[in-house]
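For reference, the structure is listed below as structure tokens.
The values are calculated or read from the model by the stated rules, or taken from the named source; none is laboratory data. Since the structure is predicted, the reported quantities are computational estimates derived from the model, not experimental observations. A quick note on method: Cβ atoms are made from the backbone with ideal geometry, for glycine too, and the neighbour counts reach across all protein chains shown. All accessible areas refer to the heavy atoms of the entire protein, side chains included, with ligands and DNA or RNA removed. Shrake-Rupley method; radii C 1.70, N 1.55, O 1.52, S 1.80 Å.
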Amino acid sequence: MIAHEIDYHIYGEEMQYVEIELDPQEIVVAEAGSFMMMDNGIQMQTIFGDGSAQQQGIFGKLLSAGKRVLTGESLFMTAYLNQNNSKSKVCFASPYPGKIIPIDLRQFHGKFICQKDAFLCAAKGVSVGIEFSRKLGRGLFGGEGFIMQKLEGDGMAFVHSGGTLAKRELASGEVLKVDTGCIVGFTKDVDYDIEFIGGIKNSLFGGEGLFYATLRGPGTVYVQSLPFSRLADRIIASAPQNGGSSREEGSLLGGLGRMIDGDNRF
């Protein structure tokens, strides 16, 4: 194996975290902001790109970092090295309610394609790049599904989904139509494209956007019920406008409740 061989355990139901067990001198790399806790003796180090073997040399590192910028990610990742003489553990948390999916790249023939914000962490040696679309329709109308990340190598990687997770095994030629934001990832043999929903009423009043993704088998597809963009839109839509307070919403006390809270604005 090129990638480090790590052990893991996933805890929780809706707000999950993954515990990675590292042998001495083993390394796991993770996106910035995903760290939760670790044993004493594990060293954190900021690295340029993902630290995989494919990045040897200055040019390789710059190319990898440039690809990460295109996906909206940071130029840097964090590597966690076990410097102890015994096994040690480090944990990474999911950023919002959903499921953490373990991806053994050996079972997926060395490659898995996922949404650009789905990657959580991976064994050192796994390459985190981008999957460019070769079709014009994807580039113009793909939305969230336009630029996908690709995970390559022979180690373990972990991706995150929002809400409830659905796993579909597509037979050869079988087609699944999915909202572009609801795609978590799929195996490399799945053919991915963007299609127009069609119909004037659907386009103007459907409320589901103008395009959806079509995934054609064979292969494995992971779908999420709550993309982060949809969650963020709902939070923004429910936020108080013009700096006002929404604490009275749904309250029987109304203005009296605000007075009790010490807010004298009416």
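Can you work out which of the residues in segment 158-175 that are among the aliphatic types (A, V, I, L, M) and crowded, with 16+ Cβ neighbours inside 10 Å is farthest from the chain's Cα centre (by Cα)? The extreme case among them is Leu170. Can you spot a residue in segment 55-69 that is at pLDDT 80 or above, open to solvent by 20 Å² or more (accessible area, probe 1.4 Å) and of a type in the set (Val, Ile, Thr)? No, segment 55-69 contains no residue that is at pLDDT 80 or above, open to solvent by 20 Å² or more (accessible area, probe 1.4 Å) and of a type in the set (Val, Ile, Thr). Exactly one residue out of Gln149, Gln107 is of a type outside the set (A, V, I, L, M) and at pLDDT below 90: that is Gln149.
Taken over segment 20-54, the residue count meeting the criterion of being small (Gly, Ala, Ser), closer than 12 Å to Lys124 by Cα and at pLDDT 90 or above is 1. The set of residues from segment 176-224 being open to solvent by 60 Å² or more (accessible area, probe 1.4 Å), over 22 Å from Asp104 (Cβ atoms) and at pLDDT 90 or above comprises Lys177, Asp191, Arg216. Just for segment 93-135: of the residues that are among the charged types (D, E, K, R) and farther than 16 Å from Met148 by Cβ, which one is most open to solvent (accessible area, probe 1.4 Å)? Going through the qualifying residues, I end up with Arg106.
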